[in-house]
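A.B. asks: Shown below is the structure under consideration.
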Amino acid sequence: MKDIRGYYFITDSSLTKKGIISDVEAAVMAGAKVVQYRNKAASSRQLYEEAFRIMKSCPNSIFLINDRVDIALAVDADGVHLGQDDMPILAARRLLGKKIIGITVHTLDQVKEAVKAGANYLAVSPVFSTSTKHDAGAPVGVEFIKKVKETVSVPVIAIGGIDLTNAQSVIDAGADGLCAVSAVVTKDDVKEEIVKFQRLFKL
């Protein structure tokens, strides 16, 4: 699998100041290796059309679709990111073949199950309290990142309540990458904000 180290970008149509296409272009210029399209409120038609446009804006980044295996297949994305209530990894794998499948995990049992099922990477969430994702659950903390890293060999992405004040603690805990949505897309210069996170990874 391609390298996913560093800042991991997720779109947010409700928080963006300049639009998700502009945000994606800024993320790519800042060196984000992964772009995940997430839009919980869109129709299937809108998801397909936006996903196709976004993919054209990040030809050299890993492009993932949140939740929707069908949309990932329709636009030929690099893969999907699944939540615990989405399609099981094994079922998604039958449909997606060798494409990338990531999954959000909250417990060590979920971590072990995900790796056994063939997840390509894990998203530990939420590390801290977050208002971006209302159903994120209770914070797992940076110590959980350490436990996950001791358990698996696949990349681990940290997400949830991360900003420049606590990002270093996430990296020190062993996270291969991190996502900070509101800390980036609500700012005037999305590229510069992402670059600040990239510098913490020495990227």
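The values are calculated or read from the model by the stated rules, or taken from the named source; none is laboratory data. Since we're looking at a predicted model, the values are computed, not measured. Reconstructed Cβ throughout: ideal geometry from the backbone, glycine too, with neighbour counts over all protein chains shown.
A.B. asks: State yes or no: is ALA72 over 19 Å from ARG45 (Cα atoms), touching an Asp or Glu at 6+ places or on another chain (Cβ under 9 Å) and not in a loop (DSSP other than H, G, I, E, B)?
C.D. replies: When the stated conditions are applied, ALA72 does not pass them.
A.B. asks: Out of ALA92, ALA114, report the one residue that is buried (at least 23 other Cβ atoms within 10 Å of the Cβ) and part of a helix (DSSP H, G or I).
C.D. replies: So the residue among ALA92, ALA114 that is buried (at least 23 other Cβ atoms within 10 Å of the Cβ) and part of a helix (DSSP H, G or I) is ALA114.
A.B. asks: Another one. What is the residue count in segment 8-35 for residues that are under 20 Å from VAL80 (Cβ atoms) and touching a Gly at 6+ places or on another chain (Cβ under 9 Å)?
C.D. replies: Adding up the residues that qualify gives 5.
A.B. asks: Turning to a different aspect of this structure: What do you reckon, is ARG53 of a type in the set (Lys, Arg), on the phi < 0 side of the Ramachandran plot, within 15 Å of the chain's Cα centre (by Cα) and at pLDDT 95 or above?
C.D. replies: Answer is no for this residue.
A.B. asks: Another question about this same structure. Given the residues VAL148, VAL105, which is the only one that is β-branched (Val, Ile, Thr), crowded, with 17+ Cβ neighbours inside 10 Å and within 15 Å of CYS179 (Cβ to Cβ)?
C.D. replies: The unique qualifying residue is VAL105.
A.B. asks: I need the full set of residues from segment 167-187 which are surrounded by fewer than 18 Cβ atoms within 10 Å (Cβ to Cβ) and over 27 Å from LYS112 (Cβ atoms), in order please.
C.D. replies: Passing the criteria: GLN168, SER182, THR186, LYS187.
A.B. asks: Would you be able to tell me the number of residues in segment 62-94 that are out of contact with any Leu (no Cβ under 9 Å at 6 or more places or on another chain) and either at pLDDT below 95 or basic (Lys, Arg) (or both)?
C.D. replies: So the answer is 2.
A.B. asks: For segment 35-48, indicate whether the set of residues that are part of a helix (DSSP H, G or I), under 18 Å from the mean Cα position of the chain (by Cα) and more than 24 Å from SER153 (Cβ to Cβ) is non-empty.
C.D. replies: yes
A.B. asks: Filter segment 107-131 down to the residues that are among the hydroxyl-bearing types (Ser, Thr, Tyr) and in contact with a strand residue (DSSP E or B) (Cβ under 9 Å, 6 or more places away or on another chain), then identify the one that is modelled with the lowest pLDDT.
C.D. replies: Per the stated criteria, the residue is THR130.
A.B. asks: For segment 11-62, name all the residues that are surrounded by fewer than 14 Cβ atoms within 10 Å (Cβ to Cβ) and of a type outside the set (D, E, K, R).
C.D. replies: Within segment 11-62, SER14, GLY19, MET29, ALA41, SER43, SER44, GLN46, PRO59, ASN60 qualify.
A.B. asks: Right, another one. Go through (1) over 21 Å from VAL28 (Cα atoms); (2) surrounded by 20 or more Cβ atoms within 10 Å (Cβ to Cβ); (3) in contact with a Lys or Arg (Cβ under 7 Å, 6 or more places away or on another chain) for GLU193 and report which single condition fails.
C.D. replies: (1) is the only condition that GLU193 fails.
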